[in-house]
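Structure, as structure tokens:
What follows is calculated from the coordinates using simple rules that are stated; it is not laboratory data. The shown structure was predicted, so the numbers you read here are calculated from the model rather than taken from an experiment. Please note: Cβ atoms are built from the backbone with ideal geometry, for glycine as well, and neighbour counts cover all protein chains shown.
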Amino acid sequence: MRDLRLKVLRESGKTVSRKARSRPESTQGSAKNSPAGSPAHSRHTSPAVSRAGSRYASDEDVSDDYDDSVSCSTFSNDSEFVTDQSQGPTWESRLQDRIAELQDRKRSNVDRREKTIAAYLHIVKHHFAGAEVGGSLAEILSALMRSVRTGGSSVEKALALQAVQATLLTSPSEALFDDLYTPLQTACEDEEDSDVKAAAIHAMAVAALFGGGSEAAAEEFLDYLISIIDSDGEAVGAVDSGPVVTAALQSWAFVASQMDDIAEQVYDAMEAFVEQLDSRDVEVQTSAGSNIALIFEAARDEEEETGEPLRLQYDPKKLISRMAQVSKPAAKQTSRRDRRHLRKNFASIVTSLEHGKGPGYSTSGRPASNPHTGGSKVEHDQDMSEFGYREKLRIGDTVVVVDSWSLLARIEMIRIVLGGGFPTHFTDNPTVSDLLGNPQTEQLSISSLTGGARSKKFRR
């Protein structure tokens with residue numbers, strides 16, 4: 001069995017953003033100075049208890065793209081922070097002002113710190129500020145962690161934790177993990193607010209991969225997350241907290257998706273995930289199901305690569321039957337919206353287990369030739385072509401095809417950290433570019449551009 005290894009995203013020593021890679025060589029000089037990459041859902045733009053958008057397309061949908069339009073932070077009025085660049089300072093100068101304010105606590109109070117962190121976070125999310133943040137990385141993180149430890153409100157602490165996530169994704173570090181992890185874990189265990197606990201879990205996941213965490217540290221973190229999931233949150237003082245357990249499930253998938261070998265981790269994890277299929281929280285149920293699908297995907301990849309099957313203690317057929325039952329909750333106990341959410345998500349997971357596919361795969365078909373456009377009449381099943389992968393992420397005029405649970409886990413975490421700033425970082429941030437690898441992409445169809453195809457909102 002292979003040793004546990006984190007995927008190395010910076011093999012060349014330098015990473016280059018997608019925008020820089022698309023330029024001619026003569027114009028890429030500045031891109032070479034981009035910060036080096038790093039090996040690779042609480043949300044900034046909405047509280048952790050917010051309902052996440054459904055991940056998967058139903059077989060009836062023609063299109064299931066995400067729209068990249070997202071509203072700004074609900075913690076503050078962004079009009080207080082965003083200045084028209086034609087009439088005022090640039091975002092770079094405003095960011096430098098916010099960085100200075102973060103470090104100056106002598107004349108600050110809780111309200112002022114909340115607004116400063118919210119403004120800093122908004123700028124870092126919606127602009128790639130690698131150079132600006134990288135030049136003061138230690139000082140910024142020190143100021144944010146001080147708010148995490150001694151902040152005067154749960155909002156200040158949650159915002160600071162979300163800012164830590166965005167900061168590390170903007171400018172990764174190889175040497176800060178030890179300084180960050182312990183106070184983040186303390187916040188997760190000692191704070192009473194569930195949003196703060198969930199944000200701390202997400203921050204630990206980001207720090208493990210972008211703060212310089214070792215392979216052993218990543219392995220220990222996965223075990224820590226399983227203790228939270230297995231105890232329904234009790235391990236961190238959050239008994240039956242859906243947002244906290246969901247954050248642990250999301251973080252497990254994110255970190256595990258960047259490991260070449262999770263064989264040593266999957267047995268305890270599978271047991272915990274299967275138990276959470278019976279949770280009363282819909283997001284916990286769907287996240288647990290997604291993680292089960294990710295483990296089976298990893299097992300298939302392991303067998304293809306080594307020829308040795310990764311034997312799991314659960315029969316896929318029995319799990320499929322179990323998930324079919326979970327996806328049909330009693331009407332009196334579950335809202336219509338939650339029932340629909342469960343059906344769509346578990347339909348995708350069941351299809352994955354049955355056919356060895358990634359998320360959102362549709363086995364429904366359409367004629368390989370259309371008699372109404374001059375083709376021959378379809379007479380045999382083999383003349384039908386499946387719709388295939390329909391889990392897609394729209395970024396500008398590009399559509400990313402999400403064809404693996406591993407890729408979905410990384411996309412979900414980036415969306416949690418960056419919200420509506422995802423498109424900018426997808427193009428400009430080499431760390432995000434390397435984290436997603438080289439996913440299959442499509443150009444947006446003319447019908448989508450003209451409104452002919454229905455698209456899904458790019459949710460926070």
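Taking amide H positions as modeled 1.01 Å from N, with prolines and chain starts lacking one, the residues under 5 Å from S362 and 5 or more places away or on another chain are G388, Y389, R390. Please report how far the C-alpha centroid of the range 195-217 lies from that of the range 110-134, rounded to the nearest whole angstrom. The two parts, judged by their Cα centres, are 19 Å apart. Note on D223 and D301: their simple-model spin labels are 2.3 nm apart, each label 7 Å out from Cα toward Cβ. Over 30 Å between Cα atoms, which of K197/K318; K157/K357; K125/K197 qualify? Beyond 30 Å: K197/K318; K157/K357.
Is the shape of the range 207-343 best called rounded, prolate or oblate, per the rule: a/c under 1.5 gives rounded, else a/b larger than b/c gives prolate, else oblate, with a ≥ b ≥ c the square roots of the Cα gyration tensor eigenvalues?
Details: a/c = 2.24, a/b = 1.29, b/c = 1.74.
It is oblate, given that a/c is not under 1.5 and a/b is not larger than b/c.
Taking the Cβ-Cβ separation of R112 and T182 as r and a Förster radius of 30 Å, what is the calculated FRET efficiency to the nearest 0.05? Efficiency at R0 = 30 Å is approximately 0.60.
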